[in-house]
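Just below is one structure, and these are the notes that go with it.
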Amino acid sequence: MTSELAQSELAQSASPKRRAAPGELQIFLTRLVMYWERLLPAMLPIMGVAAALTIFSLIDLWRLTPAWLHIAVLGLAGALCFVSFWRDIRMAAWPSRRAAQARMEADGAAPHAPLQALDDYPLDDEKSESPLWRAHLAQSAERAKAARLGAMRDTVTARDPYGVRFIVAGLVAISVIAGAESWRDRLAGLLSPGAGAAGVIVADVWIEPPDYTGKPPIYLLRAGDQTSGLRDQVNAPLGARIIVQANGRGRRTLSFETETGKTRASFEEDRTAARAEIALQESGLLRFRFGGQNAAWPIGVSPDNPPLAAFQTEPEEDENGLITFSYIVEDDYGIADARLEMRLDPDQARPLDAPALEADALEERRSIALESAPGRTGVRAASLDLQADPWAGLQVLARVVVADGAGQTGATSEAPLRLPTRQFFNPLARSVVEQRQTLAVAPAQWRRAGRSFDAVTFAPETFFDRSTDYLLLRAAFWRIMRQDGETFDDAVEKFWPLALQLEDDALELARQRLEAAEEALREAIERGADDEEIAQLTEELRQAMNDYLEALAQSGQTQQNAGGGGDSQQVEQSELDEMLDAIRDLAQSGAGAAARQMLSELQNILNNLRLSQGGSGSGGQGRGAPSESGPSGAAGDLIGRQRELADEAFERGREEGAGANADDLAEAESELGGDLDELIEELQSGGGEADPNGEAANALGQARNAMRQAEQALQNGDFDGAAGAMERAIAQMREGAEGLAREEMRQANQDGEGQTGGGRVDPLGRPVGEISGDGVEVPEKSDAARTRAVIDELRRRLGEPGREDDEIQYLERLLERF
């Protein structure tokens, strides 16, 4: 029988094998499947927690979740995962080899555990070679061919009998579809508690162009807008700032990526608000992240080219002694500043008795600001009075240098120019001006200037009628000698008013002090100075006014009062003091506009005093009314009309803003300029009787140029430029009118007409030692009190709660009028 089994075994081994028994790889895979069947039920709680968090994130539920609840949910999820791992996953053991073999034998219906039998061995090693043991192994191997791994067994249903896992899988699929566009940002929001809570995230992102460009802000993101995703490209000027204002807690990042690197802004925290800025110098990509939200904008930076300038007409002296020229400017956003830059011409010829130009003087550059320059591309005209410049009478090379808001500059080509000089009739004044120029262009020759002053002041008892002139010149001599060869800038600056004082004496200085005091008080009212400063400046103006009136009376430039002039309107000293008191009270009460208006009225009264004959002034004439007091009275009329037009332009500019239509004001300015042209023509064609030296016509011509500038500024809607030009026109007309009045008074005193017993009159038109005149209407003290009461009531109403925005704006506009 044994031989039959052996023969049968040999026969089977000789036949071809249809299938081999499972090897080690199949057993390992079976063990892996069995471990997964054990692990999957244990992982169900962790997978459920992960699925729930994913669903919440993809459908953006965290945006509706407060930070504390978000943190609590994350903490609970973490606790559940830990418990599940410790209780279930940790207990899931790796299957043994025997278990895997048994599983394969059971799935393949292999009888008598053949796979396990193949792993057996006899206790006696000698029996392992017996035919019977080999026949047993062969028989087990044949049966083991049927062993295999069947389908994976359902081990999850016992843990999830109700099939909740299928519902969760469906919800995950739906949430993936819902959050497909921004799934990264929403998943990132899972780990940022409170960053996306509704009612907390408020972020504004905008680009602030430089002020000089005049461009409005460019808003990239407003509160409540969708923040995620890449936006369209935005272009901004060079030097603009990216500003982010974010409210709410959470992580915030702002970065700007360019070809040269990446800039990250730091946020300035203020409780729950934060602010950050980035300056734009080149194009790049702006990224803003706030919690789980992310937005990006490509930013294109437009370059700012330097300005260009060129002369349209080169500088030259006109018939009035002014330097006039026009130039063209071009810039991307407009010109912010311009100046006329001059240097001495090194090739100019010098008189034989004049010192040569020194190297330092040839290297010096003098600059004069051009007030009408700011604005857009276009043509500018300028008219400058440079007679007071130390280089007056010398050949210079001039050019216009313009600058834009970014500080970039451009310049015209240089043009030759000889600066005009003022004509001085007083020989002492001429000497001061000559030595002033010597110190300016050849300071090394200071001893020469000193010797000149020393020679002029030789024998004062013989050559000087007034000791004040001698003392002034000796003071100038010692100012030079004590400088001892150092810089003479201070002497050059002070010698010009010295020459004017020698030419016009005390009246000129008093007028300058009066104008300075008026300007100081006006500036203090405009900036809202405190009561103490207002009171101090008012008293300084009062003293300057009294000094001027006294100097005007002592100069002999007033006529004696015409008797019987019952219609002539006089101004008393007490009335001027009352006006000053009213100006002080209005300014201290906050009524700045009313105070400035009254200060202008006081200035007009003082101007008319300089122009009046016998104190009558020109205040009784309206706009366009004929003058009955000669050329000086006509000039006074023009000054009053120009002042009224300046006040009207100021009010229009304040109420309507720059750029408002001012064609009617420009037409009125043109009409006023035409009347001034007629007055100048009358002076020039009158044989020189009213203006023998031509100084008044020269000053009025300068005023006419300023009127043209004001007219052009009004046509362009530039009220600030127009106001400056009108003030210059008033100042020049005032100077011309004073010259006409002096000449009229001189002629009247020579002829003896209109005198009342030969008594002198003061600048107010009153005989010295008497009080006369009907007075002019000035504001009463009760007017200031009523103004203060109105202001207090407006402020009280403005401070009441519950008022609507329209009413608040109306009350604010009323306050601005005071």
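The values are calculated or read from the model by the stated rules, or taken from the named source; none is laboratory data. From a predicted model like this one, the values you see are computed outputs, not experimental measurements. Don't worry about glycine lacking a Cβ; one is built from the backbone with ideal geometry, like all the others, and counts go over all protein chains shown. The accessibility values were calculated without ligands, DNA or RNA, using every heavy atom of the protein model including side chains. Shrake-Rupley method; radii C 1.70, N 1.55, O 1.52, S 1.80 Å.
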> If you take the residues of segment 334-370 that are in contact with a Phe, Trp or Tyr (Cβ under 9 Å, 6 or more places away or on another chain), of a type in the set (A, V, I, L, M, F, W, C) and more than 17 Å from Asp389 (Cβ to Cβ), which of them is least open to solvent (accessible area, probe 1.4 Å)?
Replying inline: Ala338
> Residue check: is Val401 open to solvent by 60 Å² or more (accessible area, probe 1.4 Å), of a type outside the set (Lys, Arg) and modelled with pLDDT of 85 or more?
Replying inline: no
>> Regarding segment 298-320, can at least one residue be identified that is more than 26 Å from Gly405 (Cα to Cα) and within 28 Å of the chain's Cα centre (by Cα)?
In response: no
>> Residues that are outside any helix (DSSP H, G or I), at pLDDT 80 or above and surrounded by 13 or more Cβ atoms within 10 Å (Cβ to Cβ): does segment 512-523 have at least one?
In response: no
>> Contact list please: Cβ distance under 6 Å, first residue in segment 731-759 and closer than 16 Å to Leu683 by Cα and part of a helix (DSSP H, G or I), second residue modelled with pLDDT of 75 or more and open to solvent by 30 Å² or more (accessible area, probe 1.4 Å), pairs at least six apart or on different chains.
In response: Gly739/Glu695
> Filtering segment 404-445 down to residues that are buried (at least 21 other Cβ atoms within 10 Å of the Cβ) and within 35 Å of the chain's Cα centre (by Cα), which residue is modelled with the highest pLDDT?
Replying inline: Thr412
> How about segment 133-164: which of its residues are part of a helix (DSSP H, G or I), free of Cβ contacts under 8 Å to residues at least 60 places away in the same chain and either open to solvent by less than 40 Å² (accessible area, probe 1.4 Å) or not basic (Lys, Arg) (or both)?
Replying inline: Trp133, His136, Leu137, Gln139, Ser140
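Being of a type in the set (Gly, Ala, Ser), in contact (Cβ under 8 Å) with a residue 40 or more places away in the chain and assigned to a loop (DSSP other than H, G, I, E, B), is that true of even one residue in segment 273-285?
No, there is no match, as no residue in segment 273-285 is of a type in the set (Gly, Ala, Ser), in contact (Cβ under 8 Å) with a residue 40 or more places away in the chain and assigned to a loop (DSSP other than H, G, I, E, B).
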>> Here are the criteria: (1) in a loop (DSSP other than H, G, I, E, B); (2) farther than 26 Å from Leu514 by Cα; (3) open to solvent by 30 Å² or more (accessible area, probe 1.4 Å); (4) modelled with pLDDT under 70. Tell me which single one Gly688 does not satisfy.
In response: (3)
> Which residues, taken from segment 660-682, are open to solvent by less than 60 Å² (accessible area, probe 1.4 Å) and under 28 Å from the mean Cα position of the chain (by Cα)?
Replying inline: Ala660, Ala662
>> Please count how many residues of segment 103-137 are modelled with pLDDT under 75 and more than 19 Å from Met34 (Cβ to Cβ).
In response: 19
> If a residue has to be touching a residue at least 40 places away in the same chain (Cβ under 8 Å) and open to solvent by 70 Å² or more (accessible area, probe 1.4 Å) to count, how many in segment 88-105 make the cut?
Replying inline: 3
> Quick one: is Glu727 in a helix (DSSP H, G or I), farther than 25 Å from Ile323 by Cα and of a type outside the set (A, V, I, L, M)?
Replying inline: no
>> If a residue must be under 47 Å from the mean Cα position of the chain (by Cα) and either aromatic (Phe, Trp, Tyr) or modelled with pLDDT under 50 (or both), how many such residues does segment 543-592 contain?
In response: 1
>> I'd like the full set of residues that are surrounded by fewer than 21 Cβ atoms within 10 Å (Cβ to Cβ) and either touching a Phe, Trp or Tyr at 6+ places or on another chain (Cβ under 9 Å) or of a type in the set (A, V, I, L, M) (or both), limited to segment 647-658.
In response: Phe650, Arg652, Arg654, Glu656, Gly657, Ala658
> Can you name the residue in segment 286-330 that is open to solvent by 20 Å² or more (accessible area, probe 1.4 Å) and charged (D, E, K, R) and, of all such residues, is farthest from Leu419 (Cα to Cα)?
Replying inline: Arg289
> Exactly one of (1) out of contact with any strand residue (DSSP E or B) (no Cβ under 6 Å at 6 or more places or on another chain); (2) more than 18 Å from Ala415 (Cα to Cα); (3) not charged (D, E, K, R) is unmet by Ala392. Its number?
Replying inline: (2)
